[in-house]
Ligand code: HEC
């Protein structure tokens, strides 16, 4: 099948170019400049992300967006927040590369098909997992609709998992602080005997 061969060739070409790209990035001591990041993201869009011409088979309906949101809040929320804008995700900036706001033009520029491809295959090497086998196609296409209709940042609040953690953290600090004066009172300062 010549189609297959062509695919193989283009795949190894991709691998070589990506290797070059990573090699260049690896030699840099400083963080990549704006132009380099832009080049990298454009290369990523052109070379590694498939599915460009795949059409979303599901209509953009409130129902589909809502279901997409539901799946998103189960599977993606831990890294992307409920709103796709990292709200309440404590480590979002600390991942390498950081978790992007899904509202940014860099992400929104992908076609629906590319977004589905990214969800299915993940992004290697980064923290973005592959969901093939976990989510079915319909679920992924619905999530794509949700990514196109994200609510304002912060409007859905902090995910419950992190809210609890933050509260526990705060409670821990409060407890620790409360223990201080307590500890002092357990060892009362020497009191002079009143002599009269
Ligand atoms: C374990 C953390 C984690 C989870 C869970 C996660 N992601 Fe991501 N996601 C990332 C990181 C990190 C990136 C940045 C990857 C990069 O730029 O190379 C990312 C990037 C993306 C991008 C943008 C890709 C790009 O190249 O700009 C999309 C779209 C995305 N994620 C969608 C999702 C969806 C939908 C889900 C749930 C089905 C999900 N993610 C679950 C960590 C995660």
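The numbers here are math on the coordinates, done by the rules we state, and not lab data. Everything numeric in this text was worked out from a predicted model, so none of it was measured. Cβ sites come from the backbone with ideal geometry, for glycine too, and all protein chains shown count toward neighbours.
In this structure, residue 55 and residue 153 have a Cβ-Cβ separation that, at R0 = 35 Å, corresponds to a calculated FRET efficiency of about 0.75.
Restricting the calculation to alpha carbons of the range 52-175 gives Rg and Dmax of 15.2, 56 angstrom.
Would you please give the FRET efficiency between residue 66 and residue 95, computed as 1/(1 + (r/R0)^6) with r the Cβ-Cβ distance and R0 = 25 Å, to the nearest 0.05?
Numbers: r = 28 Å, r/R0 = 1.13.
It comes to 0.30.
Ordering 77, 95 from the fewest to the most neighbouring beta carbons within 10 Å gives 95, 77.
Would you list 139, 63 from fewest to most Cβ contacts within 10 Å?
Details: 139 19, 63 11.
Fewest-to-most ranking of 139, 63: 63, 139.
Neighbour counts of other Cβ atoms within 10 Å put 124, 146 in the fewest-to-most order 124, 146. How big is the gap, in Å, between the Cα center of the range 80-94 and the Cα center of the range 112-155? Value for the Cα centre distance between the two parts: 15 Å. Placing a label point 7 Å from the Cα of residue 176 along the Cα-to-Cβ direction, the residues of the range 86-111 whose backbone N falls under 20 Å of that point are 90-91.
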